[in-house]
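The values are calculated or read from the model by the stated rules, or taken from the named source; none is laboratory data. Predicted model only: the values in this text are computed from it and were never measured. Please note: Cβ atoms are built from the backbone with ideal geometry, for glycine as well, and neighbour counts cover all protein chains shown. The protein model used for the area step is the full one, side chains on, heavy atoms only, and it has no ligands, DNA or RNA in it. Shrake-Rupley method; radii C 1.70, N 1.55, O 1.52, S 1.80 Å.
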Amino acid sequence: GVTFPKDDSVLLDPPRMLTLSFRVDVRLLKLALYNAEDGWVDIGFRFEPDRLARSFVFPLPEQLAQSDYYIVRWSVADQENRLLNGEFSFAFGLGAVPPSETVAAQTSGKAESLPATGAYRYRRAVP
């Protein structure tokens, strides 16, 4: 799909709307906006079960609060009820940098720590 703002884009001003376009008619199940701290921003999205479309335009609040970046997470289903999820990010304002650079700087030098787990197999006792 095509989005506005484009993924990882930097804008001078906050966007006035979010746009999603697809090649086939889909039902928009979820459209959620999050700031850089993963805080949900209420944009008033409401699921419309009877609406099938190729493009969706959703107006944003007058002023988005300043944040290092924003992430838009969406889910759609096509007419055969196949689910597709995606996300795109953007930043705005003077001195803003692409979200991917901000995330890379925040995670640089960090190691992923996973708990030690074991694989368990059950065998039926053979008499």
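Taking 0.36 nm per residue of sequence separation and subtracting the Cα-Cα distance, how much length would be gained by fully extending the chain between Ala65 and Glu48, in nm to one decimal?
Working: separation 17, 0.36 × 17 = 6.12 nm, distance 2.73 nm.
Gain on stretching Ala65 to Glu48: 3.4 nm.
Show me the chymotrypsin sites (Phe, Trp or Tyr not before Pro) within the range 1-84 that DSSP assigns to loop and that have at most 12 other Cβ atoms within 10 Å of their Cβ.
Numbers: sites: Phe22, Tyr34, Trp40, Phe45, Phe47, Phe56, Tyr69, Tyr70, Trp74; in loops: Phe45, Phe47, Tyr69.
Loop-located and lightly packed - Phe47.
With a point put 7 Å past each Cα toward its Cβ, work out how far Lys30 is from Thr102 in nm, to one decimal.
Placing both labels 7 Å beyond Cα along the Cβ direction yields 2.1 nm.
For a quick check of your reading of the filter: which trypsin sites (Lys or Arg not before Pro) in the range 1-51 sit in a DSSP loop and have no more than 16 other Cβ atoms within 10 Å?
Lys6, Arg16, Arg46, Arg51
Once fully extended, how much extra length lies between Arg82 and Thr19, figured as 0.36 nm per residue of separation less the alpha-carbon to alpha-carbon distance?
Extending this stretch completely gives an extra 20.6 nm.
Just to confirm my numbers, what's the Cα centroid distance between the range 30-45 and the range 61-99 in Å?
First find each Cα centre; the distance between them is then 8 Å.
For the range 20-95, with all protein chains present and a 1.4 Å probe, just round the carbon and sulfur fraction of the accessible area to a whole percent.
Carbon and sulfur: 49 percent of the exposed surface of the range 20-95.
Quick one: which residues, 5 or more positions from Leu11 or on another chain, have an amide H under 5 Å from its amide H? H modelled 1.01 Å from N in the peptide plane, none for Pro or chain starts.
For Leu11, whose amide H was placed from the backbone, the distant partners under 5 Å are Ala91, Phe92, Gly93.
State in Å² the accessible area per residue of the range 1-96; use a 1.4 Å probe, count heavy atoms of protein chains only, and round to the nearest integer. Kindly include the intermediate steps, with their values, before the conclusion.
Working: 5910 Å² over 96 residues.
Per-residue value: 62 Å².
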